[in-house]
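FYI, it's all coordinate maths here, none of it is from the lab. Keep in mind it's a predicted model, so treat the numbers as computed, not measured. Because the Cβ atoms are built from the backbone with ideal geometry, glycine has one as well, and the counts that use them run over all protein chains shown.
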2 protein chains.
Amino acid sequence: MFLAKIYVTLKEGVLDPQGNAVGKALHSMNYKEVQKVKVGKYVELYIEGENAEEVGKRVDEICGKLLVNPVVEQYSYELVEV
Amino acid sequence: MFLAKIYVTLKEGVLDPQGNAVGKALHSMNYKEVQKVKVGKYVELYIEGENAEEVGKRVDEICGKLLVNPVVEQYSYELVEV
């Protein structure tokens with residue numbers, strides 16, 4: 001069994017209103033050292049499979065079909081054997 | 001400048017309707033090898049600071065005050081110098 005830790009973020013240049021809102025909130029709380037905030041999704045999939053290569057292919061399929069909107073989002077993932 | 005990669009997930013035992021919905025969708029798409037899905041937040045903070053220890057304290061404060069609901073959520077983070 002593998003645990004896939006998937007990070008989905010907005011592509012560079014895509015407006016991130018949630019990130020901007022968090023950034024403004026932090027500035028109003030006097031955390032002036034925060035320069036920029038980006039908010040994305042974090043998905044953990046527990047997935048059966050023989051080896052990391054096979055599971056990686058499956059994760060790419062799942063991201064492409066369901067988890068990620070390729071027009072505005074990008075993703076990366078790590079696989080951990082559990 | 002540091003980049004803090006913050007992962008916020010629901011605590012064990014807390015109902016995760018979004019994760020369950022993704023899990024059901026994947027099963028209906030015939031990805032039967034997916035055993036469990038958890039959905040959380042991924043936040044990137046670009047933050048000025050002298051050293052990792054100081055920035056880490058700031059990130060803990062920010063998570064405690066704004067990003068994380070400690071009743072139902074837990075978080076972890078990585079710091080990368082950028």
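Things worth noting here:
- Failed item in (1) crowded, with 18+ Cβ neighbours inside 10 Å; (2) over 29 Å from A:Val34 (Cβ atoms); (3) small (Gly, Ala, Ser), with B:Gly49 passing the rest: (2)
- Within segment B:46-82, being charged (D, E, K, R), facing another protein chain (nearest Cβ under 10 Å) and part of a helix (DSSP H, G or I) holds for B:Glu54, B:Arg58, B:Glu61, B:Lys65.
- Of the numbered criteria (1) closer than 30 Å to A:Lys65 by Cα; (2) under 18 Å from the mean Cα position of the chain (by Cα); (3) surrounded by fewer than 16 Cβ atoms within 10 Å (Cβ to Cβ); (4) of a type outside the set (D, E, K, R), the one B:Asn30 fails is (2).
- Of all residues in segment A:54-82 being over 21 Å from B:Tyr7 (Cα atoms) and over 16 Å from the mean Cα position of the chain (by Cα), the one that is surrounded by the fewest Cβ atoms within 10 Å (Cβ to Cβ): A:Lys57
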